[in-house]
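Written below as structure tokens is the structure these notes are about.
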Amino acid sequence: MNGIAATAGAPYTLTLQSADGTFSQVITGTSASGTGNFYDCFRRAVQPGDRLTLQEVSGSNAFTVPYLTAAYDYGRRVVEGQAPPGTPILVKIPVYMYWNGFVYRHVWTDASGHYGVDTSDLDPLLDYWGEVSITDEAGNVVKRPFAIQSYRCYLPVMHN
């Protein structure tokens, strides 16, 4: 979990509450003095439906983590997944091995929350990671990585 506090160098409290209420963790810290950046790790992965609350000197911000999936289908040459219906999705596809070697595509989810991005005009790098992200009206961003993998092959082993 990372973010930027409203007041650089100030204390903050970050709370993670699971959707069903069975897990809760509170982390306190001080944001970086020059930038306000903070980085924290919870004891478990943040899941869709979890509630994050950032409390700082200037106030608080609560956020419910939305559902977001992403997968690359090598055979169909498409990135697809699910997110809340009517959500704009930013898709980052690795195509060069150098710094910032990505192509960015924008797409919206349909009424059922499905999205798909055609990559047939690209040559994505195998064994690299792409990323999809959504940003809410408050500027909170959720990112989900996906692997660029080719066909899965299963070779038979024969014995004499």
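The values are calculated or read from the model by the stated rules, or taken from the named source; none is laboratory data. This structure is a prediction, so every number in the text was calculated from the model and none was measured. No Cβ is skipped: glycine too gets one built from the backbone with ideal geometry, and neighbour counts run over all protein chains shown.
Looking at the range 79-153, the strands (runs of 3 or more DSSP E) lying wholly inside it that each contain 1 or more residues that are surrounded by 13 or more Cβ atoms within 10 Å (Cβ to Cβ), under 19 Å from the mean Cα position of the chain (by Cα) and of a type in the set (D, E, K, R) sit at 88-94, 102-108, 129-135, 141-147.
Of all residues in the range 24-82, those satisfying the criterion of being basic (Lys, Arg) and within 21 Å of His106 (Cα to Cα) are Arg76, Arg77. Set side by side, the residues Gly75, Gly21, Gly36 differ, and just one is touching a strand residue (DSSP E or B) at 6+ places or on another chain (Cβ under 6 Å) and at pLDDT below 95, which is Gly36.
Filtered by the rule that a residue be in contact with a Gly (Cβ under 8 Å, 6 or more places away or on another chain) and of a type in the set (Phe, Trp, Tyr), the range 1-59 gives Tyr12, Phe38. Look at (1) part of a strand (DSSP E or B); (2) farther than 30 Å from Leu14 by Cβ and you find that Pro156 fails only one, number (1).
Every residue, every condition in (1) surrounded by 15 or more Cβ atoms within 10 Å (Cβ to Cβ); (2) within 22 Å of Ile134 (Cβ to Cβ), yes or no:
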position: Asn37; (1), (2): no, yes
position: Gln47; (1), (2): no, yes
position: Leu52; (1), (2): yes, yes
position: Pro66; (1), (2): yes, yes
position: Tyr74; (1), (2): no, no
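Answer with yes or no whether Arg51 is in contact with a strand residue (DSSP E or B) (Cβ under 6 Å, 6 or more places away or on another chain), in the same structural domain as Gln25 (by TED's automatic domain parsing) and either within 30 Å of Gln25 (Cβ to Cβ) or charged (D, E, K, R) (or both). Here the answer is yes, as Arg51 does meet what is asked.
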